[in-house]
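Here is the structure we will look at.
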Amino acid sequence: MSAFKKLAGDTALYGISTILGRLLNYVLVPIQTYAFAQPKQLSSNVEFYGYIALLLVFYTFGLDTAFFRFAARSRGDDKASRVADTFSQTLSLVLVITGTMTALLLYLAPQITVWLNYPGQTTFIRWSALIIAIDAIMAIPFARLRVENKARQFVWARMLNIGLVVLLNVFFLVICPDIDRGHYLSGLQPFIRLFYDPAVGPGYIFLANLLGNAFYFVLLRDAFKGFRFQLDSERIRTLFIYAYPIMLTGLANVVNGLTDRLFLRHYLPEGLYRGLDGALLTNEDVLGIYGNCFKLSVFMALATQSFRFAADPFFFSRAEDKNAPDLLARVTKWFTIVCVLIWVGVSLNVDVLGRLMLSPQYRLGLNIVPLLLLANLFLGVYQNISLWFKLTDQTRFGTLITVVGATITVVGNIVLIPIMGYMGCVLAFLTSSLVMLVLCYALGQKYYPVPYEVGSALGYIAGGGLLIWASWRFPIDNLWIGVPVHLALLGLFLVGVLVVERDTLQPALARLRRGRRKPAGNQL
């Protein structure tokens, strides 16, 4: 199996699981937005989950990537023991960091609710702290599965977790309230009321996540085999030296991606938006609308995350291969094409997705989705080509780039939110992602030259952008007409890509045909 084919196969495996998992996860959007019809009811969830992602960077401290760096390059007959030893050292460090920070958050939970101005949600803060702790601990076993090429076990655990979280959301947000109100199975009311309290409301979203994540300890118990708590000072120093810049890079990335949801409620002028009934929306309402419309743009993250799961161990193990730059260029080209197709497909049909996934009050922000998708496209390509500074152990450049991006995002949000509302968040994120991509490309060509097909990528992005602009400039209000037309346009765009790339695809198709023509006897 060729290197390119193996990467494609691994990406497809991770991709199918990620796509199916995200599709299950997207079931939560209509469940939650219809369960809590007023957007302000979900504002704390949007903000708290932003802080969860931010704190997770400190909990893991970049040690999952450090584990890749030292475990994936192990060679020889003792590779298994080296991987196990690195696993024990890395997980031990994460346990120390996680235990300390979780204890602090649990103790400070009452004060945090006051600081964030969400009175009465102390329990939600504590559930959030436990969610972060489990995610941080499980990051290392998941990394071990990828290093050991146990993609199926990785995928199975992820899928079961997401399915369980969805079921728990349905149970707490739909079934329990219906039984409590006597809509059906009223005989179960005494039992349901033993653990269900309507006053908890959106807090059950956190509880469902916490219970689902706790099940990881059952699903991945084999991944902990051989673990011994050990903290060797020399190994710790080596891990920290490598992981520290990765942590800073991850922190800047999270700040870059979450500043909008953390700043919007605080910098937005009161009364800037009106609801469907013409009434003024509160800042909490606007945050709830923005946060849930933002989820529609995360379709782009499917391709990015799927690729990253497969690419990190793949390219780390081939860091010394002289053909790695050419392979990375080809992979980046097709990665970009896939992302552009996702951008065009979702943007052309965002009205349909909005009707399927959001209750009416939340659809006010659908116009931001195409630009958010483009920003995530730039960010995805950046993460793809950023492999150069990880492969060359020059992670300081990653820190520099992401700090620049985070600075643009923070300043952009502070300046633009009071003027443009949540569209200011979008433009700040878009600008930051583009600047990071350009900086990473320029520095990468100096220190790790890769023959990227820049003209091709720009052409596809420009063509996709023109098609999206035309569809929004000349909207078709009738969905029965609009959907077929938009699907036809997407099909024509795909045909155009295949025609342009016919010289690239022909050798692959020829190999596929030759493989099918092999006599059955040759396969014995």
Let me see the pair-distance distribution of the range 404-467: every alpha carbon pair, 5 Å bin width, integer percents in order. 3, 17, 17, 17, 17, 16, 9, 4, 1
Simple Cβ-charge dipole of the range 90-243, Lys/Arg +1 and Asp/Glu -1, about Cα centre, in debye nearest 20: 460
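For the range 211-279, give the percent of accessible area contributed by carbon and sulfur heavy atoms, probe 1.4 Å, rounded to a whole number. It would help to have the intermediate numbers written out before the result.
On the way: 2220 of 3680 Å².
Of all accessible area on the range 211-279, carbon and sulfur atoms account for 60 percent.
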By per-residue mean of other Cβ atoms within 10 Å, what is the highest-first order of 289-296, 272-279? 289-296, 272-279
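Counting only protein chains, not ligands or nucleic acids, how are Thr282, Thr123 ordered by accessible area (probe 1.4 Å), most first?
Heavy-atom accessible area, descending, gives Thr123, Thr282.
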Ignoring any ligand, DNA or RNA, what whole percent of the accessible area of the range 26-169 comes from carbon and sulfur when the probe is 1.4 angstrom? 64
Can you give the accessible area of Trp469 in Å² (nearest 10), computed on protein heavy atoms with a 1.4 Å probe? 150
Relative contact order (%) - criterion: Cα under 8 Å, at least six apart; region: the chain: 21
Labelled set (i) 206; (ii) 193; (iii) 218; volume of the Cα convex hull per residue in Å³ computed from this model equals the value at (ii)
Packing-ranked peptide list from 480-491, 198-209, highest mean Cβ count within 10 angstrom first, is 198-209, 480-491
Could the peptides 456-463, 247-254, 369-376 be put in order, highest first, of the mean number of other beta-carbon atoms found within 10 Å of their residues? 369-376, 247-254, 456-463
Taking R0 as 25 Å, what's the FRET efficiency between Val495 and Asp326 from their Cβ-Cβ distance, rounded to 0.05? 0.35
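The values are calculated or read from the model by the stated rules, or taken from the named source; none is laboratory data. Here the structure is a predicted model, which is why all the values come from computation and not from measurement. Glycine also receives a Cβ, built like all others from the backbone with ideal geometry; neighbour counts cover every protein chain displayed. Just so you know, the surface numbers come from the protein's heavy atoms only, side chains and all, with ligands and any DNA or RNA stripped out. Shrake-Rupley method; radii C 1.70, N 1.55, O 1.52, S 1.80 Å.
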